[in-house]
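Have a look at the structure below, then the notes.
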Amino acid sequence: MQIIVVEDSSLVLANLIEILSSYPGLSVIGHARGEDEAYALILSSTPDVVLLDLELLRAAASSC
């Protein structure tokens, strides 16, 4: 299963990648730290799952 991780915290991102990569059959194919970067990455690849920090969406919505 191919996964993209979207998280703005460097520490959380690194830990998630390490944990997910330790499971057989799971492959982190990319990561992003913001919504624009995530959108471009998702469009340019074929992930099965996108693990998304929902706080990023809330922050983007509140800035509108």
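For L52, the residues 5 or more places off, or on other chains, whose built amide H falls under 5 Å of its own are V6. In the list (i) -0.33, -0.49, -0.73, -1.37; (ii) -0.29, -0.44, -0.68, -1.32; (iii) -0.44, -0.61, -0.78, -1.17, the label attached to log10 I(q)/I(0) by the Debye sum over Cα atoms at q = 0.12, 0.15, 0.19, 0.30 Å⁻¹ as derived from the coordinates here is (ii).
Here the calculated FRET efficiency for D36 and S10, from their Cβ-Cβ distance with R0 = 25 Å, stands at 0.90, rounded to the nearest 0.05.
Measuring nothing but how far apart in sequence close Cα pairs (under 8 Å, 6+ apart) lie, relative to its length, the range 2-62 scores a relative contact order of 47 percent.
Peptides 20-29, 44-53, 3-12, ordered by how many other C-beta atoms sit within 10 Å of their residues on average, highest first, read 3-12, 44-53, 20-29. Note that the range 38-43 has calculated 3J(HN,Hα) couplings of 5, 4, 5, 5, 5, 5 Hz, one per residue in order, obtained from phi through the Karplus relation 6.51 cos²θ - 1.76 cosθ + 1.60 (θ = phi - 60°); glycine and proline are x. Taking amide H atoms as placed 1.01 Å from N in the peptide plane, the amide H of V28 lies under 5 Å from those of I3, each 5 or more residues away in sequence or on another chain.
Just so you know, all these numbers are worked out from the coordinates, no wet-lab data involved. What you see is a predicted model; the values in this text were computed from it and never measured. Here the Cβ is made from the backbone with ideal geometry for all residues, glycine too, and neighbour counts use every protein chain on show.
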